[in-house]
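Below is one structure, written out as structure tokens; comments come after it.
The values are calculated or read from the model by the stated rules, or taken from the named source; none is laboratory data. On a predicted model such as this, the values are computed, not experimentally measured, just so you know. Neighbour counts run over all protein chains shown; Cβ positions are idealised from the backbone, glycine included. In case anyone asks, the SASA skips ligands and DNA or RNA and just uses the protein heavy atoms, side chains included. Shrake-Rupley method; radii C 1.70, N 1.55, O 1.52, S 1.80 Å.
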Amino acid sequence: MPGPQKARAIVLSSRPLGEADRIVRLFTRELGRVDAVVKGVRKTTSRWGGRLEPFNVVDLLLHPGRSLYTVTQAQLVDVFARLRAEREGLSAAAIVCEAAAGLTPEHEPEERMFALLRNALRELDKGISGRAVESPLVLGALLKLLYEAGYLPVLDHCAACGSGGRALGFSAARGGLVCGDCAGEAVPITPEAVEALADAVSRSLADLREQPASPAAGEALRDVHRLYAYHTGSRLRALRLAGVG
């Protein structure tokens, strides 16, 4: 069995284990996505403090076990305090972190996706306007994560026939926008949502943070969520809690 390993990680989520421990889901730069036990973290006398809370970036020392790693050292790198102080910031961070977890296989390093997720959290920490589910930044982060996973939707022509006709629907099964002739079971889409999708792909996360929240971005996010669910076989719980199906 290999010895202890150092890794820089984004804490994606955590859940209780027994009376005093937690299992944290980590997206690490060096090891990919892994789960690890943090012993004693739920005790009032815990030495961990808030270092291993979701959305933190931490430098860790991880000891491999049969199925889980064990965290033995943790040093904070980024805390993102502002997003923690705002309900919509927390909701947005939960959405993008859960999406990253669902799009990355275990134990496969994805340095570009790691950098993308960290950058998304940095931008979210600067503040977003309006609801997280109508934020162009959240839409853009999810689309860019899908791109890194190889699932970017087709937006510049009909995903079914390849024509450049007007997009009237979004089909997760066909992989993107479809024209009127190919709409079939596709979900109808407004021109405003089509524009929101195009902007989310072409603009940087920093530019998207400057854009106001809008119903069009919310509509586009629902369509992108359908694409995510089609490819991963699961829906984002963070979006369900925010009222997005």
Scan (1) loosely packed, with under 14 Cβ neighbours inside 10 Å; (2) modelled with pLDDT of 95 or more; (3) of a type in the set (Val, Ile, Thr) for the single condition THR72 breaks and write down its number. (2)
Cβ-Cβ below 9 Å, separation at least six or inter-chain, first residue in the stretch 131-158 and without any contact (Cβ under 8 Å) to a residue 40 or more places away in the chain, second of a type in the set (Ser, Thr, Tyr): which pairs? HIS157/SER163
Out of all the residues in the stretch 34-44, which are open to solvent by less than 10 Å² (accessible area, probe 1.4 Å) and at pLDDT 95 or above? VAL34, ALA36
Which one is farthest from ASP125 (Cα to Cα), of the residues in the stretch 217-245 that are of a type in the set (A, V, I, L, M) and crowded, with 21+ Cβ neighbours inside 10 Å? LEU227
Could you say whether any residue in the stretch 2-20 is basic (Lys, Arg), part of a strand (DSSP E or B) and within 26 Å of ARG235 (Cα to Cα)? yes
Going through (1) over 29 Å from ALA242 (Cα atoms); (2) open to solvent by 50 Å² or more (accessible area, probe 1.4 Å); (3) assigned to a strand (DSSP E or B) one by one, ARG47 fails only at (3)
Can you tell which of LEU152, LEU208, LEU197 is under 27 Å from LEU121 (Cβ atoms) and part of a loop (DSSP other than H, G, I, E, B)? LEU152
Kindly provide the set of residues from the stretch 217-240 that are more than 10 Å from GLY102 (Cβ to Cβ) and among the aromatic types (Phe, Trp, Tyr), ordered by number. TYR230
So which pairs qualify, if the first residue must be in the stretch 77-101 and under 18 Å from ARG51 (Cβ atoms) and in a helix (DSSP H, G or I), the second must be modelled with pLDDT under 95 and of a type in the set (Asp, Glu), the Cβ gap must be under 9 Å, and the two must be at least 6 apart or on different chains? ARG84/GLU53
